[in-house]
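So the structure is just underneath, and the comments pick up after that.
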Amino acid sequence: MVSDSLFDNPFTPGYRIPPPYLAGRDEERRRIYELVGATASRRCVAKDIIIYGPRGTGKTALLRDISHRIETEHKNATILLIPAIDLEASEDVGKLLVREVGRPLWEAMKPESFGLNWQGLEAKWNKGDLSLSSVRKGLSAKCQRNPLIILVDEAHTLDSEVCRKLFNEAQTIRGIGGPMVVVLAGKPQLVGVGNRSDVSFIERGETISVGLLDGESSAQAISIPLRRERMEIDGEALQRLVDDAQGYPHYLQLWGSEIWKLAKLKQKNHIDASDISVVMPNVRKEREAAYAERFNSWMGQDRLLLQKITGRLSKSGMVAEPRMEEMITEELKIQGRQETEMERIYGKMVETDYVWRIRGDKTLMPSIPSFFGFLREAERQKIAERKRESRRGGAGS
Ligand SMILES: Nc1ncnc2c1ncn2[C@@H]1O[C@H](COP(=O)(O)OP(=O)(O)O)[C@@H](O)[C@H]1O
Ligand SMILES: [Mg+2]
């Protein structure tokens, strides 16, 4: 049966929208739940959690998943899912905690004896009249009744100082018996932000990197939601789709959404390989628009350098981080530029989802595999264009 609405598409291409089925993240979910679930069960755990991975790999989806699980299974716990932008300065961490303490702090401090209500207390905190140690005491008391779980999304945009403050406070509260845990999720540069705040940042956290899905999980990301909607996809079609998406969760949703729309349009409930061919150009177009956007943030000599490195990597295969740094330095020298630019360029490669490193691996990985293909194609087209121009007689050059 095919329903007649186009608006019930179960797939969610885009960012921050939970997928219809969270495929292939059992291990990650288990590791997160081990600490978060223990906290929600009123135990003080030893570590906070750091989740990192390129854009579109499903960090927000993991936060949503854990948040949902705690809300349904541990009604006594308080779970806050907040964007990093809400924690601009380290004072904001204090404010957040003071707000969370709420009534228990009020009770612990008996501020009515000073003629204060809760707002008065908050005002006192904002003025700096209230000591952090009394807030901590109140917070620990509150957490014993209602454990506190703070999930911060887009955490790579946090200031290092804020990062440090969050981890330190969570550790201190636990130290005085208050079950509390912090989960930071962000792009790979989060590791750098954290390490600037504290050299042992990574060791202090349970660190989980999220990357591409394997073939089986990719297939499930598509086939399970389809089956729920009583739609089928044949083996060959599914394989072509999975091969094209290359394990990138965002593209799997894009594919799912496009085949869904086509099936609705054709009023059919079986998807085959010919449907894949019909939808392919749409998927490619969307993808290339996203790549062009990333590529456009590389200008002038930086752009040439990126193209050079891409060419070299496609011959040599992926390399380890130190080798990448050498390669950037070599290319900078060829361009007659300062070697000191290396760090900025490497940082930008990570920021624009060009490469990243999975935890425990030495070799870098393309953040989105087909972005490399896009860059090589852009280079090929540029060379072809140059040849055409020189054949036209080099006018204007
Ligand atoms: N494990 C998964 N299985 C299927 N789809 C996923 C999975 N993780 C994420 N997605 C989908 O991929 C897209 C990007 O996910 P998101 O959580 O926003 O990524 P990030 O926060 O890492 O940028 C969303 O459309 C989301 O629904
Ligand atoms: Mg996200």
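The values are calculated or read from the model by the stated rules, or taken from the named source; none is laboratory data. Remember, it's a predicted structure, so these values are computed and weren't measured experimentally. Cβ: placed from backbone, ideal geometry, glycine included. Neighbour counts: every protein chain shown.
Each row is one residue, and each column tells you yes or no for (1) within 13 Å of ligand 2 (Cβ to nearest atom); (2) charged (D, E, K, R); (3) over 15 Å from Leu158 (Cβ atoms); (4) at pLDDT below 95.
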| position | (1), (2), (3), (4) |
| --- | --- |
| Leu22 | no, no, yes, no |
| Ala40 | no, no, yes, no |
| Arg69 | no, yes, yes, no |
| Lys75 | no, yes, yes, yes |
| Ser90 | no, no, no, yes |
| Val93 | no, no, no, yes |
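Only one residue in Ile309, Ile276, Ile271, Ile233 is within 18 Å of Met365 (Cα to Cα) and surrounded by 16 or more Cβ atoms within 10 Å (Cβ to Cβ), so which one is that? It would help to see each step written out before you state the result.
Working: Ile276 fails: within 18 Å of Met365 (Cα to Cα); Ile271 fails: within 18 Å of Met365 (Cα to Cα); Ile233 fails: within 18 Å of Met365 (Cα to Cα).
Of the residues listed, the single one that is within 18 Å of Met365 (Cα to Cα) and surrounded by 16 or more Cβ atoms within 10 Å (Cβ to Cβ) is Ile309.
Residues that are of a type in the set (S, T, N, Q), part of a loop (DSSP other than H, G, I, E, B) and away from ligand 1 (no atom under 16 Å from the Cβ) were ranked within segment 5-56; the one that is nearest to the chain's Cα centre (by Cα) is Ser41. Reported count of residues in segment 168-179, each being part of a helix (DSSP H, G or I) and either within 16 Å of ligand 1 (Cβ to nearest atom) or buried (at least 22 other Cβ atoms within 10 Å of the Cβ) (or both), is 3. Of the listed requirements (1) farther than 23 Å from Arg55 by Cα; (2) in the same structural domain as Arg228 (by TED's automatic domain parsing); (3) in a loop (DSSP other than H, G, I, E, B), Gly247 misses just one: (1).
Please count how many residues of segment 19-74 are within 22 Å of Gly177 (Cα to Cα), buried (at least 21 other Cβ atoms within 10 Å of the Cβ) and among the basic types (Lys, Arg). Qualifying residue count, segment 19-74: 0.
Restricting Val182, Val199 to residues that are modelled with pLDDT of 95 or more, away from ligand 2 (no atom under 16 Å from the Cβ) and either assigned to a loop (DSSP other than H, G, I, E, B) or over 23 Å from Asn269 (Cβ atoms) (or both) narrows the list to Val182. When Arg323 is tested against (1) closer than 20 Å to Ala378 by Cβ; (2) part of a helix (DSSP H, G or I), just one condition goes unmet, and that condition is (1).
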